Amino acid sequence: MAVEGGHFDDVRMRGFARRTPVAEVWAWLDAQTAPLEAEAIPLTEAAGRVLAQQVVSPRDVPPFPRAMMDGYAVRAADTLGASAYNPIRLSVVGQAWPGRPFLHPLAPGQAVLIMTGAPMPADADAVLPAEMAETEGTAVLAQGEVSPGKHVGQIGEDIAQRSVVFRPGRSLRPQDVGLLASLGLAEVRVVRRPRVRIIITGDELLSAGAPWQPHHIYDANGPMLQALVRRDGGTPEFCGIIPDRAETILDALRGPIRSTACPTGAVPEAPRDTTFPSVPTPDVILISGGSSVGQEDHAPRLLAEHSRLVFHGLAMRPSSPAGVGLWENRLVFLLPGNPVSCFCAYDFFAGRAIRALGGRNRDWPYRRLVAPLARKQSSQIGRLDYLRVRLVEGKVEPISVSGAGVLTTTTQADGFVLIPPESEGYPAGTPVEVFLYDA
């Protein structure tokens, strides 16, 4: 339901009267998210970051004519008519190496031994490849013709001075970093990575590596959410596991907590800690657990009472108990505790916002393909279904549309298919778009 600007309806132990369509949540999120401010970072750390500036070349690359092959720098006109049967003799008057040029003009009938990358001597306009030449004392015999400009890299041939190299919004690849380095740049301005606070609630949870305790389970959502945040270009701040208590969740929303996961399972109170002045304010807060309609699901009420709960209860399966709101103008995502629902709600909403804040494409970072559905799949009008699927012999085989706590339905899947809310499902053989997990 959409609750912004209205009375909060406490749904605990009663359920949702109405669920908000996914498209409505996306539209609201897109209006809230624009790229964060820019920061300057060393070029060596720029791969994978998003440019916040237009890069204009301060110089020509290459800045001088250079040899593109090992051989001899010559005047092209001096090689006219040369062949293996009619070699033309040229006097070798010097050498040119990368960083060590031949500093004198080249006169007619002369050649300079030159290596790849070395500056061309003045008045030389071609390179005679080594395989087309034969040395004879202090001379070289040209055994073939070369035309003007042959095997010569011209000034600005790669990048012209004052040309636009990259525009804002580009996600820098390693080769992009190399090109920027060729311009002489030592740093570059990029969009700041969104800082994402991750809060995991649950009295029954144990952190990975802790001794197992009866009636407890190991936390899957904390590590999974950290990995997803990093995938989407954010910087996770993991607050650990905290109790299902209203005051503790409120403290975690307000700032860093002193205690993270308790390895024994006996989770203590985790009071606010004012000794962390260096911890930066998050841009996004994720709360996993406590978002549904149970008696201990405090997060929606706390958000509504102390800040703004905008949506709670979504027309989708799984993840219908998810919610979205604001805490001191920072986006808060209420993610269900069941792992598949948590994964799905993050991917639909939190990931979209984090990517947008970091200057990236809002859409999913998954490659896609179209293939026929192996068997009929039903759905409910008015609800978006997230269908985990395998690709079997070129067909799309559904795994499950339920089992929100069964994370293996995502690890065994090749990807997912979306059944839109206006559809009752698809008959067997329907071509469907598959979003592949192995992006």
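Residue under question is residue 265, and the condition is that it be modelled with pLDDT under 90, part of a loop (DSSP other than H, G, I, E, B), farther than 22 Å from residue 352 by Cα and touching a His at 6+ places or on another chain (Cβ under 7 Å); does it hold? I'd like the intermediate steps shown before the answer.
Numbers: modelled with pLDDT under 90: yes; part of a loop (DSSP other than H, G, I, E, B): yes; farther than 22 Å from residue 352 by Cα: yes; touching a His at 6+ places or on another chain (Cβ under 7 Å): yes.
Answer is yes for this residue.
Name the pairs whose Cβ atoms lie under 7 Å apart, with the first residue in the range 208-233 and on the phi > 0 side of the Ramachandran plot, the second among the acidic types (Asp, Glu) and surrounded by 13 or more Cβ atoms within 10 Å (Cβ to Cβ), and 6 or more positions between them or separate chains?
That search, which allows pairs on different chains as well, returns 215/204.
In the range 144-198, how many are of a type in the set (Gly, Ala, Ser) and under 16 Å from residue 43 (Cβ atoms)? Can you show your working first?
Going through the range 144-198, the residues of a type in the set (Gly, Ala, Ser) turn out to be 144, 147, 149, 153, 156, 160, 163, 169, 171, 178, 181-182, 184, 186.
Add one more test, that the residue is under 16 Å from residue 43 (Cβ atoms), and what stays is 171, 178, 181-182, 184, 186.
So the count comes out to 6.
Considering only the range 155-185, how many residues are touching a helix residue (DSSP H, G or I) at 6+ places or on another chain (Cβ under 7 Å) and either free of Cβ contacts under 8 Å to residues at least 60 places away in the same chain or surrounded by fewer than 16 Cβ atoms within 10 Å (Cβ to Cβ) (or both)?
1
Picking from 112, 127, 146, which residue would you name as being closer than 24 Å to residue 83 by Cβ, of a type outside the set (Gly, Ala, Ser), crowded, with 19+ Cβ neighbours inside 10 Å and touching a Lys or Arg at 6+ places or on another chain (Cβ under 7 Å)? Give the derivation first.
Details: 112 fails: touching a Lys or Arg at 6+ places or on another chain (Cβ under 7 Å); 146 fails: touching a Lys or Arg at 6+ places or on another chain (Cβ under 7 Å).
Every option except 127 fails the conditions.
Between a first residue in the range 124-142 that is on the phi > 0 side of the Ramachandran plot and a second residue that is among the aliphatic types (A, V, I, L, M) and at pLDDT 95 or above, which pairs have beta carbons less than 9 Å apart while being 6 or more apart in sequence or on different chains?
Filtered contacts from the range 124-142: 137/92.
When only residues in the range 186-218 that are crowded, with 20+ Cβ neighbours inside 10 Å and more than 25 Å from the chain's Cα centre (by Cα) count, which is nearest to residue 329 (Cα to Cα)?
201
Among (1) touching a helix residue (DSSP H, G or I) at 6+ places or on another chain (Cβ under 6 Å); (2) β-branched (Val, Ile, Thr); (3) under 27 Å from residue 364 (Cβ atoms), where does residue 235 come up short?
(1)
Among (1) touching a strand residue (DSSP E or B) at 6+ places or on another chain (Cβ under 6 Å); (2) modelled with pLDDT under 95, which single condition is residue 338 missing?
Evaluating residue 338 over (1) touching a strand residue (DSSP E or B) at 6+ places or on another chain (Cβ under 6 Å); (2) modelled with pLDDT under 95 leaves (1) as the failure.
Which residues, taken from the range 46-84, are at pLDDT below 95 and more than 37 Å from the chain's Cα centre (by Cα)?
Across the range 46-84, the qualifying residue is only 84.
Inspect all residues belonging to the range 32-45 and state whether any of them is more than 23 Å from the chain's Cα centre (by Cα) and not assigned by TED's automatic domain parsing to the domain that holds residue 230. Let's see the steps before the verdict.
Looking only at the range 32-45, we keep the residues that are more than 23 Å from the chain's Cα centre (by Cα), and these are none.
Taking every residue of the range 32-45 in turn, none turns out to be more than 23 Å from the chain's Cα centre (by Cα) and not assigned by TED's automatic domain parsing to the domain that holds residue 230.
Could you run through the range 161-199 and say how many residues are assigned to a loop (DSSP other than H, G, I, E, B) and not aliphatic (A, V, I, L, M)? Steps first, please.
Keep residues of the range 161-199 that are assigned to a loop (DSSP other than H, G, I, E, B), which gives 161-163, 167-170, 172-173, 183-186, 192-194.
The next check asks that each one be not aliphatic (A, V, I, L, M); those that pass are 161-163, 167-170, 173, 184, 192-194.
Final tally of qualifying residues: 12.
Suppose the filter is touching a residue at least 24 places away in the same chain (Cβ under 8 Å) and either within 30 Å of residue 183 (Cβ to Cβ) or part of a strand (DSSP E or B) (or both); does residue 121 pass it?
Working: touching a residue at least 24 places away in the same chain (Cβ under 8 Å): yes; either within 30 Å of residue 183 (Cβ to Cβ) or part of a strand (DSSP E or B) (or both): yes.
Spelling it out, residue 121 is indeed touching a residue at least 24 places away in the same chain (Cβ under 8 Å) and either within 30 Å of residue 183 (Cβ to Cβ) or part of a strand (DSSP E or B) (or both).
Check whether at least one residue in the range 105-114 is at pLDDT below 95 and at negative phi, and report yes or no.
Taking the range 105-114 first, the residues at pLDDT below 95 are none.
No, there is no match, as no residue in the range 105-114 is at pLDDT below 95 and at negative phi.
Going through the range 430-439 one residue at a time, which ones are surrounded by 12 or more Cβ atoms within 10 Å (Cβ to Cβ) and either assigned to a loop (DSSP other than H, G, I, E, B) or hydrophobic (A, V, I, L, M, F, W, C) (or both)? I'd like the intermediate steps shown before the answer.
The first filter runs over the range 430-439 and keeps only residues surrounded by 12 or more Cβ atoms within 10 Å (Cβ to Cβ), leaving 430, 432-437.
Within the range 430-439, 430, 432, 434, 435, 436, 437 qualify.
For (1) in contact (Cβ under 8 Å) with a residue 12 or more places away in the chain; (2) farther than 30 Å from residue 365 by Cα; (3) in contact with a strand residue (DSSP E or B) (Cβ under 6 Å, 6 or more places away or on another chain); (4) of a type outside the set (A, V, I, L, M), each residue gets a yes or a no:
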position	(1), (2), (3), (4)
47	yes, no, no, no
82	yes, yes, yes, no
86	no, yes, no, yes
89	yes, yes, yes, yes
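The values are calculated or read from the model by the stated rules, or taken from the named source; none is laboratory data. Remember, predicted model here, so these are calculated numbers, not experimental data. Cβ atoms come from the backbone with ideal geometry, glycine included; neighbour counts cover every protein chain shown.
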